[in-house]
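The values are calculated or read from the model by the stated rules, or taken from the named source; none is laboratory data. This is a predicted model, so every value here is computed, not measured. Virtual Cβ from ideal backbone geometry, glycine too; neighbours counted across all protein chains shown. Calculation scope for accessible area: heavy atoms of the full protein, side chains included, ligands and nucleic acids excluded. Shrake-Rupley method; radii C 1.70, N 1.55, O 1.52, S 1.80 Å.
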Amino acid sequence: MVKRPEYLEVAEQIKKSVRLGAPGDVVPSVEELLHTYGTSRATVTRALEALTGDGILERDGDKWTVAAGLFPAGKASELDVRGAPGVLEGRVVTEHVDPDAQRALNREEVARAFQEGKELGRAWLEAEGRATEVKKALAAKLMDMRELFQHKGHPDWNGDSREYQAVASLLYQDLGVEPPQRRAVLHHVENLKRERIPRQLWATFGVSELTRGQRSELSKKTGEAVEELGAMSKALAGQAAKGKATGHQLVTLAKRIDQGMAVFSTASLRVMSPKQRTAFRDEVKAARDQADALLRELESLDE
């Protein structure tokens, strides 16, 4: 599993410590914090900046203070819950924020998921290599967020609601993640839809009966089988037209036909439409009848 960046670990510790304070309280200096956590000045500064970006702290020159208005008086210990709607605080006044995102982020559970998504997003961008585990965790958080919204009478599993799209867009904007990078996370989101959406609603939400891996494997096997069978059939047809088809060639053809039929697993049959299943059933029955006739003829020859 990819290790979480150190500055995020320090930020989490600082966040826990300020729960005991109150809005306006001054956070210990950078020098004090770097000794407390046994890390570098750069790491502490980055942690403080991350908390400022999340609206938990405010910066005044070289000082950081607990952000004002994040929780009601007398409930400073609930910063982790009450502080959630502060995610938009500290932004430049002229910066445009989609009204749908603003409205959604007034909900504590949405703002909390947004903050957690930002932390996971930073961990992903900081990680070396493919960071698969972090991307999966971020995808799960995006699915959590989708389930906080409704769309056409269901949880917004497809992420189609205006509010979710506005919040997700703001999250990616804050992280600086462009559309090509987002696809690396959305791939895992699609996999999670199979786990979270009831099977009876798969068709409604466009969930395939086959996983991405199964679809890829089926496509590969089908292509290989069709190509090989087509080439063999063409060659044998030419030989047979000349009366030269050999027993070996006919046996080979039968094997190729069997291999082609083996491609169609029980799972792959489920992706067919009712009309396609009917047509496929008729073709398979016709092939079975032809095979039965050939077997009867073979038996008569062996008698």
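Any idea which of (1) at pLDDT 75 or above; (2) open to solvent by 70 Å² or more (accessible area, probe 1.4 Å); (3) in contact with a Ser or Thr (Cβ under 8 Å, 6 or more places away or on another chain) is the one residue 57 doesn't satisfy? It is condition (2) that residue 57 fails. Candidates in region 98-109 are the residues that are out of contact with any Asp or Glu (no Cβ under 8 Å at 6 or more places or on another chain) and of a type outside the set (Asp, Glu); of these, the one that is surrounded by the most Cβ atoms within 10 Å (Cβ to Cβ) is 105. Among the conditions (1) over 23 Å from residue 87 (Cβ atoms); (2) surrounded by 17 or more Cβ atoms within 10 Å (Cβ to Cβ); (3) free of Cβ contacts under 8 Å to residues at least 60 places away in the same chain, residue 161 misses just one, which is (1). State whether one or more residues within region 170-178 are in contact with a Lys or Arg (Cβ under 8 Å, 6 or more places away or on another chain) and either open to solvent by 60 Å² or more (accessible area, probe 1.4 Å) or outside any helix (DSSP H, G or I) (or both). Scanning region 170-178, I find no residue that is in contact with a Lys or Arg (Cβ under 8 Å, 6 or more places away or on another chain) and either open to solvent by 60 Å² or more (accessible area, probe 1.4 Å) or outside any helix (DSSP H, G or I) (or both), so the answer is no.
Out of 134, 110, 185, 189, one residue alone is closer than 20 Å to residue 52 by Cα and assigned to a helix (DSSP H, G or I). It is 110. Quick check: anything in region 121-141 farther than 17 Å from residue 182 by Cβ, at pLDDT 85 or above and open to solvent by 20 Å² or more (accessible area, probe 1.4 Å)? Yes, some residue in region 121-141 is farther than 17 Å from residue 182 by Cβ, at pLDDT 85 or above and open to solvent by 20 Å² or more (accessible area, probe 1.4 Å). Here residue 8 does not fit the description of being at pLDDT 85 or above and either assigned to a helix (DSSP H, G or I) or open to solvent by less than 40 Å² (accessible area, probe 1.4 Å) (or both).
In the list 70, 51, 105, 88, which residue meets the criterion of being within 16 Å of residue 116 (Cα to Cα), at pLDDT below 80 and under 35 Å from the mean Cα position of the chain (by Cα)? Only one candidate qualifies: 88.
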